[in-house]
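These notes are about the structure you will find just below.
The values are calculated or read from the model by the stated rules, or taken from the named source; none is laboratory data. What you are looking at is a predicted structure, and each value in this text was computed from that prediction instead of being measured. No Cβ is skipped: glycine too gets one built from the backbone with ideal geometry, and neighbour counts run over all protein chains shown. Keep in mind that these areas ignore ligands, DNA and RNA; they rest on the heavy atoms of the full protein, side chains included. Shrake-Rupley method; radii C 1.70, N 1.55, O 1.52, S 1.80 Å.
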Amino acid sequence: MSSIRLFILGSLAQRGEMHGHHLKLLAEEEHVHMWTDISVGGLYGALKRLHAEGLISDVRTEQEGNFPARQVYGITEAGRVALSELRLDGLTEYVLRPDPFDLALSRLDPDRLDELPRIVTSRIAMLKELLRTAREANARARPYLSRAEMFALEHREKRLHAEIDWHESLVDALPDVVAEERARTHFPPPHQPPPSHRSKGSSTS
């Protein structure tokens with residue numbers, strides 16, 4: 001599911017015809033970089049691709065003062081069909097991306113175990129700052145939000161809360177984690193399946 005396509009097509013369907021600069025201002029106003037995977041800088045390239053696919057069309061050209069002329073776009077019927085599919089995909093798909101932190105935690109450097117509490121504490125501080133920023137942005141936007149938009153923005157807050165809770169539980173467990181890592185003397189090889197599960201061509205010697 002492409003978030004940037006959903007943003008552009010959904011915005012044109014909801015708000016009417018717009019040029020690229022209007023869409024950029026809307027993305028900045030809604031702080032989409034904070035709660036979606038959309039890059040505001042990628043909007044113009046996405047507009048070109050949607051236009052090439054016939055999902056949006058040229059409506060007219062506008063020029064304000066001495067600013068360059070801007071192409072105004074509108075959503076096409078094909079774009080509305082694509083938008084319907086994107087909306088359904090967005091509501092039914094669930095994305096939980098693996099966090100590289102988890103792999104790093106399972107592959108700790110035995111020579112730097114003393115640094116682990118500081119690293120995790122700094123990570124918690126970073127998450128708390130992200131939560132504070134999200135709360136402030138949401139508070140500013142809340143008077144202008146629909147109920148659905150309000151829930152969408154609060155989703156990020158709830159996720160950050162859960163992340164902070166998990167990291168703080170890790171801090172409590174760090175003495176045991178470090179002690180266990182220090183006590184390790186060897187790492188066992190990967191588990192071998194029983195002979196009956198091995199491929200027919202494998203050697204038994």
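Checking the structure you have, find out if any residue of segment 73-80 is among the charged types (D, E, K, R) and touching a helix residue (DSSP H, G or I) at 6+ places or on another chain (Cβ under 7 Å).
First, pick out the residues of segment 73-80 that are among the charged types (D, E, K, R): 77, 80.
Those still in the list that are touching a helix residue (DSSP H, G or I) at 6+ places or on another chain (Cβ under 7 Å) too: 80.
Within segment 73-80 (the criterion being among the charged types (D, E, K, R) and touching a helix residue (DSSP H, G or I) at 6+ places or on another chain (Cβ under 7 Å)), the answer is yes, since at least one residue qualifies.
Against the condition closer than 21 Å to residue 187 by Cβ, touching a helix residue (DSSP H, G or I) at 6+ places or on another chain (Cβ under 8 Å), of a type outside the set (S, T, N, Q) and exposed (fewer than 14 other Cβ atoms within 10 Å of the Cβ), how does residue 100 come out, does it pass? No. Apart from one condition, residue 144 fits all of (1) modelled with pLDDT under 95; (2) surrounded by 15 or more Cβ atoms within 10 Å (Cβ to Cβ); (3) of a type outside the set (A, V, I, L, M, F, W, C); the exception is (2).
Among the residues making up segment 166-191, those that are assigned to a helix (DSSP H, G or I), open to solvent by 100 Å² or more (accessible area, probe 1.4 Å) and either closer than 15 Å to residue 107 by Cα or touching a residue at least 60 places away in the same chain (Cβ under 8 Å) (or both) are 180, 182. On the stretch given as segment 60-87, residues that are more than 25 Å from the chain's Cα centre (by Cα) and either of a type in the set (Lys, Arg) or assigned to a strand (DSSP E or B) (or both) total 9.
Considering the conditions (1) free of Cβ contacts under 8 Å to residues at least 60 places away in the same chain; (2) over 21 Å from the mean Cα position of the chain (by Cα), residue 99 is excluded by exactly one of them, (2). Residues in segment 64-90 that are among the small types (Gly, Ala, Ser) and touching a strand residue (DSSP E or B) at 6+ places or on another chain (Cβ under 6 Å): 69, 74, 79.
Within segment 69-84, identify whether any single residue is among the hydrophobic types (A, V, I, L, M, F, W, C), without any contact (Cβ under 8 Å) to a residue 24 or more places away in the chain and under 30 Å from residue 157 (Cβ atoms), and answer yes or no. Even if it seems obvious, please write down each step before you answer.
We begin by selecting, within segment 69-84, every residue among the hydrophobic types (A, V, I, L, M, F, W, C); these are 69, 72, 75, 78, 81-83.
When the remaining residues are screened for being without any contact (Cβ under 8 Å) to a residue 24 or more places away in the chain, the result is 69, 81.
Now drop any that are not under 30 Å from residue 157 (Cβ atoms), which leaves none.
Taking every residue of segment 69-84 in turn, none turns out to be among the hydrophobic types (A, V, I, L, M, F, W, C), without any contact (Cβ under 8 Å) to a residue 24 or more places away in the chain and under 30 Å from residue 157 (Cβ atoms).
Please state which one of 54, 65, 42 is at pLDDT 95 or above and open to solvent by less than 90 Å² (accessible area, probe 1.4 Å). Just a single option satisfies the conditions, and that option is 54. The number of residues in segment 147-161 being open to solvent by 60 Å² or more (accessible area, probe 1.4 Å) and within 18 Å of the chain's Cα centre (by Cα) comes to 7.
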